[in-house]
Structure formats: structure tokens, C-alpha cells
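Shown next, in C-alpha cells, is the structure this report addresses.
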Amino acid sequence: MTEPVYDYKACIFDLDGTLLDSMGIWKHVDEEFLGKRELPLTNEYVKAISSMKLEMAAKYTVELFGLKESPGDIIKEWLDMARHEFTYNVQPKPYGVEFVKLLKEKNISAAVATTSRSDLYRPALQRIGILDLFDVIVDSDKTDFGKEKPDIFVKTAESLNIAPKDCLVFEDTAAGILSAKSAGFITVGFLDSNQIRFRDDIIKNADYTAADFKLFYEDLAAKSLC
């Protein structure tokens, strides 16, 4: 983070690669899925699907590679590979849990805006102890688009009854950052080690960048002492 960000009224969190250290799981899923079919895992493919809902990503994959499976079959295969890891193993990014808990203590709204499915993220958030701390959760079941459009962020802010200019959006995809900025949100681009191919785009477009929540937690804690 280049400097402290004060006076925000809400924080809106992406999950995969931002609040949850889960992008390694999806990287493995992509490698396993395409490898079984002797298909290449390219930067272009990963970038294209990174901001899509699962249904959109599956349809895109079928069309791109000319697969015979249905999008539904592909989603089932992806989820079967990912579900165990989310339920039992995925961990939060450093200081993520502490930051969310501190937001709650200071009466600052916390929300989730994710294209992930509830049967994946809910067990993970429950296990790490923060599922019930969010005022609003907007996921793939509640919006028609992925993060290539700002609808999911706008819907989340509207549910909080807080203006976009007063919200920090924590996001690890360039498409999500650009769409959130287009709607007037303050953006924090997360630099995930499994998304290194997008690092330059994130740095270029986000208002702030971070690899974890340590400085945000420390800044809020220090502000509370003033």
C-alpha cells in the first residue's frame, strides 16, 4: 500500500486470491483439467476466465477448445476438484481475518463481492471464523454478470446503502479493478503470487496495491488509538 487510506465507510472483499489464499487451487484445477485433454494453459485463457462467473467460464472453455462436454459437466469436474480444498484446507491471506474482525469492532461495514459459489466459499469462511461478520454477501447467484461489469460491486454498495466513493474494493483481477473504478469505487489491487502474469495491469490500474492486509489492519488499529 502506498499510503494509508482513511475515512472509508465500507470494505468490499473479493474472495479468491484476495481474502482467501485460494488461487493456487484454481491454478491446479486449470492445469489438471486442460492437461488431461492435452490442451495448453495460456496467459490469454487465464486472463479471459479470471473475472467470469463459473457458468460463463465453462461455456467459454467449451467454445474455445471445441470440447464435447457440456458446460454443466465441466463445472462439475472443476467443483469436484476444488470442493475438498475449500472445505478443509484453504487459508486466509495474512491479516485478513484480523482486519475483518477489526472492521466489525469499529462499526465499519464489511461485505463480499465474489463470482465464486456459496457451496465453495461458505465452508471456508465458516472454518476461519468470519462468515457471520459480513453485512452483505453478493455472489454468482445474485448477479447476471462477472466482474467485467461493475454490477456486482454496485449491487453490494446499494445493499450496504453506502456510496461507491466511500467504499474500498479489494480485488485481484485487472478486469474487476477497472469495472469497480468505472463505478466510482476506491480500488486496492491484490498482488497474488499465482496471478503474477497480471501484476503490471493491476499496478497500473488500481488506486492502491497490496499483497496482504497487514498495513490496512495496522492503519485502522493506529487510527483507533488517536
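Here, each number is a calculation from the coordinates, and none is a lab measurement. Given the structure is predicted, the values throughout are model-derived calculations rather than measurements. Glycine also receives a Cβ, built like all others from the backbone with ideal geometry; neighbour counts cover every protein chain displayed.
Taking all pairs of distinct Cα atoms, average 1/r, flip it, and tell me the Kirkwood hydrodynamic radius of the chain in Å to one decimal place.
Hydrodynamic radius (Kirkwood, Cα pairs) of the chain is 17.8 Å.
The packing ranking of peptides 169-182, 125-138, 36-49, highest mean first, is 169-182, 125-138, 36-49, where packing means the average number of other beta carbon atoms within 10 angstrom of each residue.
Is the range 109-226 best put as rounded, prolate or oblate by its Cα gyration tensor, with a ≥ b ≥ c the root eigenvalues, rounded for a/c under 1.5, and otherwise prolate when a/b is larger than b/c, oblate when not? Because its axes are fairly even, with a/c under 1.5, the range 109-226 counts as rounded.
Among 138, 58, 222, whose Cα projects farthest towards the positive end of the dipole of the chain, with charges put on the beta-carbon of Lys, Arg (+1) and Asp, Glu (-1)? The listed residue farthest towards the positive side: 222.
Relative to the Cα centre, the charge distribution of the chain, modelled as +1 at Lys and Arg Cβ and -1 at Asp and Glu Cβ, gives a dipole magnitude of about 200 debye.
Using alpha carbons only, what's the Rg to Rh ratio of the range 23-88 with Rh from Kirkwood?
On the way: Rg = 11.2 Å, Rh = 12.1 Å.
When Rh is taken as the Kirkwood radius, the ratio is 0.93.
Within the shell defined by Cβ-Cβ distances under 14 Å, the residues around residue 87 carry a net charge of +1, with Lys and Arg each +1 and Asp and Glu each -1. Taking a straight Cα-Cα cut-off under 30 Å and skipping sequence neighbours fewer than 8 places away in the same chain, the lysines within cross-link reach of residue 68 are 27, 36, 47, 53, 59, 76, 142, 147, 149. Restricting attention to the chain, close to 5% of DSSP beta bridges with both partner residues there are antiparallel.
Across the range 151-163, rounded Karplus estimates of 3J(HN,Hα) from the backbone phi angles (6.51 cos²θ - 1.76 cosθ + 1.60, θ = phi - 60°) give 3, 5, 6, 5, 4, 5, 5, 4, 5, 7, 6, 10, 5 Hz, Gly and Pro being marked x.
Just name one of 26, 115, 169: the one whose Cα is farthest towards the positive end of the charge dipole of the chain (beta-carbon charges, Lys/Arg +1, Asp/Glu -1). Towards the positive end, the residue furthest out is 169.
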